[in-house]
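Notes follow once the structure below has been shown.
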Amino acid sequence: MATIGRFGNLIKFEVSKPYEKIGQRRIVVFDDMSQKESARWADYEIIGERTKSSFGGVKPEEVRLTVKLNAENGVAPRHMIAKLKDAVEKGTLDYLVINGKKVGKSKLRITEVDADWQTILNKGELSRAEVKLTFKEYR
């Protein structure tokens, strides 16, 4: 398997190599990744003059991505969702690394897990899910 990224030891984003057998694959992919950095500004109304502004610093960086989980690719979607929700509840901090490079300057925390259960088998087993993750910088 080729690892393309990870969030600490919690989740590895992996794709199969062309020569691997289907039964050996464990594919966890993501898409729709976005980064957001913004500034904090304060505006002061002054009678008879233009509004004055002052720079207050930078807000924590925010990263969003969508993870695709599919049991056919060797991933247990329900188990992975539980692990991600547990990371939110525990306040897990770690680096998000894509292509061997850290995303952002600091460790991140998962602030939101939005799971869309897409395919549920006849015995209630979750087979396919799409999970939208929101990370925020920790300082």
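The values are calculated or read from the model by the stated rules, or taken from the named source; none is laboratory data. From a predicted model like this one, the values you see are computed outputs, not experimental measurements. Quick reminder, even Gly has a Cβ in these numbers, built from the backbone with ideal geometry, and neighbours come from all protein chains shown. Protein only, heavy atoms only, side chains kept; ligands, DNA and RNA dropped before computing areas. Shrake-Rupley method; radii C 1.70, N 1.55, O 1.52, S 1.80 Å.
Overview of results
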quantity	calculated
Within the stretch 73-98: backbone nitrogen closer than 13 Å to the Thr3 label point (7 Å, Cα to C-beta)	95-98
Long-range tail of P(r) for the stretch 1-134 (Cα pairs > 22 Å, %)	48
Accessible area in square angstrom per residue, the chain, 1.4 angstrom probe	66
Lysines with Cα under 21 Å of Lys85, excluding same-chain neighbours fewer than 8 positions away	Lys12, Lys68, Lys107, Lys132, Lys136
Candidates per trypsin sites (Lys or Arg not before Pro) in the stretch 44-100, loop by DSSP, up to 13 other Cβ within 10 Å	Arg50
Angle between the chain longest axis and helix 77-90 axis [Cα atoms, degrees, rounded to 10]	30
The stretch 38-78: equivalent-ellipsoid semi-axes (sqrt of 5 x gyration tensor eigenvalues, Cα, Å)	49, 9, 6
Gln118 versus Arg50: modelled label distance in nm, points set 7 Å from Cα along the beta carbon direction	5.0
